[in-house]
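The values are calculated or read from the model by the stated rules, or taken from the named source; none is laboratory data. Predicted, not measured: the structure shown is a model, and the values here were computed from it. Using ideal geometry, Cβ is built from the backbone for each residue, glycine included, and neighbour counts are taken over all protein chains shown. Note: accessible area is taken over every heavy atom of the protein model, side chains too, but ligands, DNA and RNA are not part of it. Shrake-Rupley method; radii C 1.70, N 1.55, O 1.52, S 1.80 Å.
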Amino acid sequence: MAEFSLTVGAFKECFDGEQRVSVTPKSITRLATHGVGVLVEAGAGAGAFISDDEFAAAGADVCSRQRIIDDAAAITCIRPPAQEVLGAMHPGQILVGMLHTTTDTSLARTLDEQSIVGIDLALLPRTLSSAQSMDAMTSQDSVAGYKAVIVAAGLFGRYFPMMITASGTSRPTRLLVLGAGVAGLQAIATARRMGADVTGYDIRPECRSEIESLGARFLELASDISSTTSDGYARSLTAEEQGAQQKAMDTALAAFDVVITTARVPGHRPPTLVTTAAIEGMRPGSVVLDMAASSLGGNVEGSVQDTTTHTANHVSIVGAGNLASTVPSAASAAYARNIADVIAHFVRDDRLNIDTDDPIDAAIVVGKQTDRLQKDSAQHTPAMASGMAS
């Protein structure tokens, strides 16, 4: 097996229900072109239908978790590892993944206490064109937006497209997507391909043209409010703005059979878009799918993370905040490409180095040990300059 000046490792994900993996055979080959070898924990790809033999054939060294902790300069993940794993990592090692350190304060504290450098892909600025291929949030949101429509169609008791048969005509499903970010636009496009009558909505007026370009209508609300932050996300509304918007939205929702909500505000509780009053006004058999459902809350009152509930008026509410994990092959392929490009970005002089003048580095690198990594990236010899065993 070839030797490399730099080695990164990929863990098997341990979070309940997580089927993705942070590297794939294709990304391993891509990393090799940048002089980076890969250690993969045995069984890491099982949930995404990638065997250990496939990883080995691509040039990875399939090994134990302890070997990765001992020898990898950087460790990649979908979700942060368990506390005991973090506790075993070495000072100066790098953890790369969707860490969400702005909301997970205990993780941020552990990174500092263990002298681990975090590269948090959840902090990547979407407005930087140079970072587009690294944007894991976008790639995973796209997968999730597609799957949201599939899940909703499976629960809805009628056809999505118009169906004309000898026994009669079935009108197309009236579907509304709230939020026109990556997930929302993918949901709109997927629902249109399935033949639904699709409407989209976003508080950002510039999203109207994107919604209409996909063949959907834009939902007109008398209380429309413009709000976009400097980094390209929708901002949180004031209490007064929320009240005005919600009153108009409650009235509008009664016209739809399926509603998919996608509005997340990174690092904060998602805004409530669908109230209990609105759900009570929907027809029996309707489906409301909340893609923002999480431990912080969701867009839909009554939604529970990873749970489908049914109201007294027979509306199904789906808390679906982890849909990308249910499409593990496609999601892993996209995420592994993001990870590979992030690692390649930090490879400077055959080592992982941080340049605080680089806008990408400044945005996504977290932890008190960044200065140490800048000054002496070879200090942790096994991690920073390890070759792969033959």
Fill in: Counted charge near Asp52, where neighbours are those whose Cβ lies closer than 12 Å (Asp, Glu -1; Lys, Arg +1)
-3
Discussion item. At 0.36 nm per residue, and after removing the present C-alpha to C-alpha distance, how many nm does the segment from Ser64 to Ala88 gain when stretched out fully?
Written reply: 7.3 nm
Worksheet item: R0 = 51 Å: FRET efficiency of Glu280 with Arg348, Cβ-based, nearest 0.05?
Response: 0.30
Worksheet, complete the sentence: With Cα springs under 10 Å, the Gaussian network model of the chain assigns the largest mean-square fluctuation among Ala312, Ala136, Ala263 to Ala312
Worksheet entry | Proximal charge balance of Ala277 [Cβ under 9 Å; K/R count +1, D/E count -1] | -3
Worksheet entry | Neighbourhood net charge (13 Å Cβ-Cβ; Lys/Arg +1, Asp/Glu -1) for Arg337 | +1
Worksheet item: At a probe radius of 1.4 Å, what is the per-residue accessible area of Cys77, in Å² to the nearest 10?
Response: 0 Å²
Discussion item. For a protection proxy built on the mean count of beta-carbon atoms within 10 angstrom, sort 11-20, 183-192 highest first, please.
Written reply: 183-192, 11-20
Worksheet entry | Net length gained if the chain between Thr326 and Ser51 were fully extended (0.36 nm per residue, minus Cα distance) | 97.2 nm
Discussion item. Largest first, please: the extent of the C-alpha atoms of the range 137-228 along each principal axis, to the nearest Å.
Written reply: 49, 32, 20
Discussion item. Out of the total accessible area of the chain (probe 1.4 Å, heavy atoms of protein only), what percent is carbon and sulfur?
Written reply: 53 percent
Fill in: Convex hull volume per residue in cubic angstrom - Cα atoms of the range 1-77
76 Å³
Discussion item. Taking every DSSP beta bridge with both residues inside the chain, roughly what % is antiparallel (nearest 5)?
Written reply: 25 percent
Worksheet item: Using a basic spin-label model with each label point 7 Å from the Cα along Cα→Cβ, how many nm lie between Thr251 and Met162?
Response: 2.8 nm
Response to the item:
Share of Cα-Cα pairs in the range 77-192 beyond 18 Å, whole percent, is 64 percent
Worksheet item: Which peptide among 345-353, 65-73 comes first, and what is the full order, when sorted by highest mean count of other Cβ atoms within 10 Å?
Response: 65-73, 345-353
Worksheet item: What residue among Gln140, Ser303, Thr102 has its Cα farthest toward the positive end of the dipole of the chain, where the charges are +1 on Lys, Arg and -1 on Asp, Glu, each on the Cβ?
Response: Ser303
Item to complete: Figure the gain on full extension for Ser213 and Thr307 (residue separation times 0.36 nm, minus the Cα-Cα span) and round it to one decimal in nm.
Response: 30.5 nm
